[in-house]
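What follows is a short report on a single structure.
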Amino acid sequence: MSKPVCAVVGVGPGNGAAFARRFSEGGHAVALLARGSAVSSQLAGELPDAGAFECDVGDAASIERSFSAIRQDMGAVETLIYNAGSAPWGSVEEVSAADFEMGWRINALGAFLAAQKVIPAMKEAGHGNIVFIGATASRRGGAKSVAFAAGKAAQRSLAESMARHLWPAGIHVSLIIVDGVIDLERTRQRMPDKPDEFFLQASDIAETVWQTTRQNRSAWSFEVEARPFGETW
């Protein structure tokens, strides 16, 4: 395939779909990875040169199968966007050991494994982008975010270590810290009294990611924050 390949890990109706659309508009073939295929398969049918791949990021074998299929069907990945990220909500007294491990697996281990699958081809090419979609929880742990915050903190440290190692090889590793509520039908229903400016637009976050991957290597960004303009912080 002549187009550069962008792999989006964690494709749902919000940020994941927006990332796929923006990179498709930018001339990329897009690999859409998600645990289920409902959203990714429909989106793949709407975008040119796109493919949907089922992938459980907490399972090393699943990641191996997915990225092997991408290489075979679409070619080497030039840009990896790791958007998978969730964990059970609760305090240290409420979540289980399995819950805590799940947060680490989804946010950190999956990111590590996915990155390992694309780094060799990027190093051979002498360029590439690896973008992690992070959260403010990586910097501070809320009382009810013990599993999520720990997983995101591990992800942030992973990204920073990778950046220090891979930037000299021409691979731009970056972290986009998202602080806010994404504008989705379900979030609007949950927060019906919030004004429009309260919500983050997924398409605008996607534009931030796109612009980050277009930076000149003499002034690369590692960590970029995305938050709605009206937020008090």
**Item:** Test: residue in segment 170-189 that is buried (at least 18 other Cβ atoms within 10 Å of the Cβ), modelled with pLDDT of 95 or more, of a type in the set (Gly, Ala, Ser) and not in a loop (DSSP other than H, G, I, E, B)
**Value:** yes
**Asked** Tell me, which residue of segment 150-169 that is of a type in the set (A, V, I, L, M, F, W, C), farther than 27 Å from residue 216 by Cα and touching a residue at least 24 places away in the same chain (Cβ under 8 Å) is surrounded by the most Cβ atoms within 10 Å (Cβ to Cβ)?
**Response** 150
**Residue list for segment 119-129, filter: within 18 Å of residue 163 (Cβ to Cβ), of a type outside the set (A, V, I, L, M, F, W, C) and assigned to a helix (DSSP H, G or I)** = 120, 123
**Prompt:** Are any residues in segment 175-188 closer than 15 Å to residue 14 by Cα and of a type outside the set (Ser, Thr, Tyr), and if so, which ones?
**Reply:** 178, 179, 180, 181, 182, 183, 184, 185, 186, 188
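Every residue, every condition in (1) touching a residue at least 24 places away in the same chain (Cβ under 8 Å); (2) over 22 Å from residue 172 (Cβ atoms); (3) buried (at least 22 other Cβ atoms within 10 Å of the Cβ), yes or no:
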position	(1), (2), (3)
96	no, yes, no
114	yes, no, yes
117	yes, no, no
120	no, no, no
127	yes, no, no
132	yes, no, yes
**Asked** Just for segment 15-72: of the residues that are hydrophobic (A, V, I, L, M, F, W, C) and in a loop (DSSP other than H, G, I, E, B), which one is farthest from residue 177 (Cα to Cα)?
**Response** 47
**Request:** Would you mind telling me which numbered condition in (1) over 21 Å from residue 126 (Cα atoms); (2) among the hydroxyl-bearing types (Ser, Thr, Tyr); (3) modelled with pLDDT of 95 or more; (4) under 14 Å from the mean Cα position of the chain (by Cα) residue 79 fails?
**Result:** (1)
**Message:** Can you go through 212, 232, 208, 187 and tell me which one is of a type outside the set (Lys, Arg) and free of Cβ contacts under 8 Å to residues at least 12 places away in the same chain?
**Reply:** 232
**Message:** Which condition from (1) of a type in the set (S, T, N, Q); (2) at pLDDT below 95; (3) farther than 16 Å from residue 133 by Cβ; (4) out of contact with any strand residue (DSSP E or B) (no Cβ under 7 Å at 6 or more places or on another chain) is the one that residue 37 breaks?
**Reply:** (4)
**Prompt:** Just checking, which of 208, 212, 232 is polar (S, T, N, Q), over 28 Å from residue 102 (Cα atoms), modelled with pLDDT under 95 and out of contact with any Gly (no Cβ under 9 Å at 6 or more places or on another chain)?
**Reply:** 232
**Prompt:** Scanning for something modelled with pLDDT of 95 or more, surrounded by 22 or more Cβ atoms within 10 Å (Cβ to Cβ) and either aromatic (Phe, Trp, Tyr) or under 14 Å from the mean Cα position of the chain (by Cα) (or both), does segment 84-92 turn up at least one residue?
**Reply:** no
**Asked** When you scan segment 209-230, how many residues do you find that are outside any loop (DSSP other than H, G, I, E, B), closer than 22 Å to residue 20 by Cα and polar (S, T, N, Q)?
**Response** 3
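Please determine, by comparing only the residues of segment 83-118 that are charged (D, E, K, R) and not in a loop (DSSP other than H, G, I, E, B), which one is farthest from residue 144 (Cα to Cα). Walk me through how you get there before you give the answer.
As a first pass, look at segment 83-118 and keep what is charged (D, E, K, R): 93-94, 99, 101, 105, 117.
Next, only the ones that are not in a loop (DSSP other than H, G, I, E, B) stay: 99, 101, 105, 117.
Details: 99: 13, 101: 16, 105: 18, 117: 33 Å.
Of everything passing the filter in segment 83-118, 117 is farthest from residue 144 (Cα to Cα).
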**Message:** So the check is Cβ under 6 Å with 6+ separation or different chains; which pairs have a first residue in segment 5-21 that's within 17 Å of residue 122 (Cα to Cα) and a second one that's β-branched (Val, Ile, Thr) and in a strand (DSSP E or B)?
**Reply:** 5/77; 6/30; 6/79; 7/77; 8/81
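The values are calculated or read from the model by the stated rules, or taken from the named source; none is laboratory data. Keep in mind that what you see is a predicted model, and the values were worked out from it rather than measured. Positions of Cβ are backbone-derived with ideal geometry, glycine not excepted, and every protein chain shown enters the neighbour counts.
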